[in-house]
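Undergrad: After the structure tokens below, expect a handful of questions from me.
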Amino acid sequence: EVFASGVDHFGNQLLSANFTANRNTYNRRFFPTRGNEFDFRYRFYLDNREVYRGSESVRDVVEPAIARSAVRFFELSGSWQGVFLLGSRFAVSPRIQASYANRPLPLMAMNFIGGMPFQRRTREVSFVGLSSREKIVQDFAMAQINVRYRFSRSMHLTGVVNGLAAASDSEAIYRPVVMEDEEYILGYGLIMEMDSFLGPVQVGVSDSNVPGGLRWYIGLGYPF
């Protein structure tokens with residue numbers, strides 16, 4: 001509907017300086033049995049420019065998505081996940097993750113919530129119970145617990161429960177995709193996983209308190 005109304009292209013050009021710290025002690029890249037990973041990022045935006053091509057008479061349709069509240073602002077984000085064995089077959093993996101920005105972000109600079117572990121890209125936060133990129137949010141805090149049962153060295157069944165609390169100063173026209181000023185999501189699911197020579201193979205099903213029914217997942221291959 002946006003492009004049919006006369007909008008050809010819209011977004012933002014962002015220039016930022018970044019500091020990233022990562023510590024990973026996993027004994028395997030996929031399906032580790034011990035270790036943890038800590039990740040921290042500080043991003044300082046030096047410039048923020050609106051990008052728009054199309055009819056000026058309908059620019060106000062996308063203006064809330066690209067409008068800049070400030071030229072210079074910062075964003076902090078971090079995550080931690082560990083793996084702990086319970087006997088020879090079970091592994092428990094807690095995970096916490098959060099992000100905060102001191103100014104309202106343009107739509108394209110927010111975080112995209114949903115999807116499976118392993119299969120995620122920049123600014124994507126895996127969350128079982130939502131489809132990939134189903135929700136968009138600025139500030140959030142998330143907690144997750146995974147319980148993995150090992151059938152064999154390569155076959156696993158993982159149960160996941162996760163919860164997310166979010167805050168976004170968003171326009172009403174972008175809801176429910178952009179999360180409410182205060183919104184809470186609880187998701188849960190089961191994933192059958194195999195460690196193959198082609199990379200992780202995942203087939204899963206999940207649900208959440210967000211309307212939409214069951215979400216099905218299929219993942220194959222190494223992420224890049």
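Undergrad: If you plug each phi of region 12-17 into the Karplus form 6.51 cos²θ - 1.76 cosθ + 1.60 with θ = phi - 60°, what whole-Hz ³J(HN,Hα) values come out, in order, with x for Gly and Pro?
TA: 9, 9, 10, 10, 9, 10
Undergrad: Points 7 angstrom from Cα along the Cβ direction at ALA70 and ILE145: gap in nanometres?
TA: 3.8
Undergrad: Please list, in chain and number order, the residues 5+ apart from GLU180 or on another chain whose amide H is under 5 Å from its amide H, with Hs placed from the backbone.
TA: none
Undergrad: How much length would be gained if the chain were fully extended between GLU37 and LEU14, taking 0.36 nm per residue of separation minus their Cα-Cα distance, in nm to one decimal?
TA: Stretched fully, the GLU37-LEU14 segment lengthens by 5.4 nm.
Undergrad: Quote to one decimal, in nm, the extra length available between GLU56 and PHE30 on full extension: 0.36 nm per residue of separation minus the C-alpha distance between them.
TA: Working: separation 26, 0.36 × 26 = 9.36 nm, distance 4.95 nm.
Using 0.36 nm per residue and subtracting the Cα-Cα distance, I get 4.4 nm.
Undergrad: To one decimal place, what Kirkwood hydrodynamic radius in Å is obtained for region 30-98 from all pairs of distinct Cα atoms?
TA: 16.3
Undergrad: Using a 1.4 Å probe on the protein chains only, how many percent of the accessible area of region 71-224 belongs to carbon and sulfur? Don't skip to the answer; put the middle values down first.
TA: Numbers: 4900 of 7680 Å².
Here carbon and sulfur together make up 64 percent of the probe-accessible area.
Undergrad: Determine ³J(HN,Hα), in whole Hz, for all residues of region 131-142 in sequence, where each value follows from phi through the Karplus function 6.51 cos²θ - 1.76 cosθ + 1.60 and θ = phi - 60°; x replaces Gly and Pro.
TA: Each residue's phi maps through the Karplus curve to give 6, 4, 6, 6, 10, 10, 8, 8, 9, 7, 9, 9 Hz.
Undergrad: If N is the number of residues in region 66-222, what value comes out of its Cα radius of gyration divided by 2.2 N^0.38 Å?
TA: Ratio of Cα Rg to 2.2 N^0.38 Å: 1.11.
Undergrad: Normalising by the residue count of the chain, find the relative contact order in percent from Cα pairs under 8 Å and 6+ residues apart. Walk me through the numbers before you get to the answer.
TA: On the way: 561 pairs, mean separation 30.7, N = 224.
For the chain, the relative contact order is 14 percent.
Undergrad: Ok, one more. I need the phi-derived Karplus couplings for region 179-192: 6.51 cos²θ - 1.76 cosθ + 1.60, θ = phi - 60°, integer Hz, Gly and Pro marked x.
TA: Going residue by residue, I get 5, 5, 4, 9, 9, 10, 10, 10, x, 7, x, 10, 10, 8 Hz, with x marking Gly and Pro.
Undergrad: Only sites in a loop by DSSP and with at most 15 other Cβ atoms within 10 Å count here; which trypsin sites (Lys or Arg not before Pro) in region 92-144 make the cut?
TA: On the way: sites: ARG95, ARG120, ARG121, ARG123, ARG133, LYS135; in loops: ARG120, ARG121, ARG123, ARG133.
Those satisfying the criteria are ARG121, ARG123.
Undergrad: Solvent-accessible area per residue for region 42-137 at a 1.4 Å probe radius, Å²?
TA: 47
Undergrad: Still on this structure, please answer the following. Take VAL92, project a point 7 Å from its Cα along the Cβ direction, then tell me which residues of region 112-150 have their backbone nitrogen under 13 Å from it.
TA: Taking a point 7 Å out along Cα→Cβ of VAL92, the residues of region 112-150 whose backbone N falls under 13 Å are 145-148.
Undergrad: Something else about it: Starting from the Kirkwood Rh over alpha-carbon pairs, what translational D in µm² s⁻¹ does region 59-101 have by Stokes-Einstein at 10 °C and 1.306 mPa s?
TA: Once the numbers are plugged in, D ends up at 110 µm²/s.
Undergrad: A further question follows. What is the calculated FRET efficiency for ASP181 to ARG23, with r their C-beta to C-beta distance and R₀ = 35 Å, to the nearest 0.05?
TA: Numbers: r = 34 Å, r/R0 = 0.97.
According to the calculation, E is roughly 0.55.
Undergrad: Mind listing the long-range amide H neighbours of ASN12? Cut-off is under 5 Å, sequence gap 5 or more, other chains count too, H placed in the peptide plane at 1.01 Å from N.
TA: Hits under the 5 Å cutoff: VAL51.
The values are calculated or read from the model by the stated rules, or taken from the named source; none is laboratory data. Since this is a predicted model, take the numbers as computed values, not measurements. Here Cβ is always computed from backbone atoms with ideal geometry, including for glycine, and neighbour counts include all displayed protein chains. Ligands, DNA and RNA are excluded from the accessible area calculation, which covers all protein heavy atoms including side chains. Shrake-Rupley method; radii C 1.70, N 1.55, O 1.52, S 1.80 Å.
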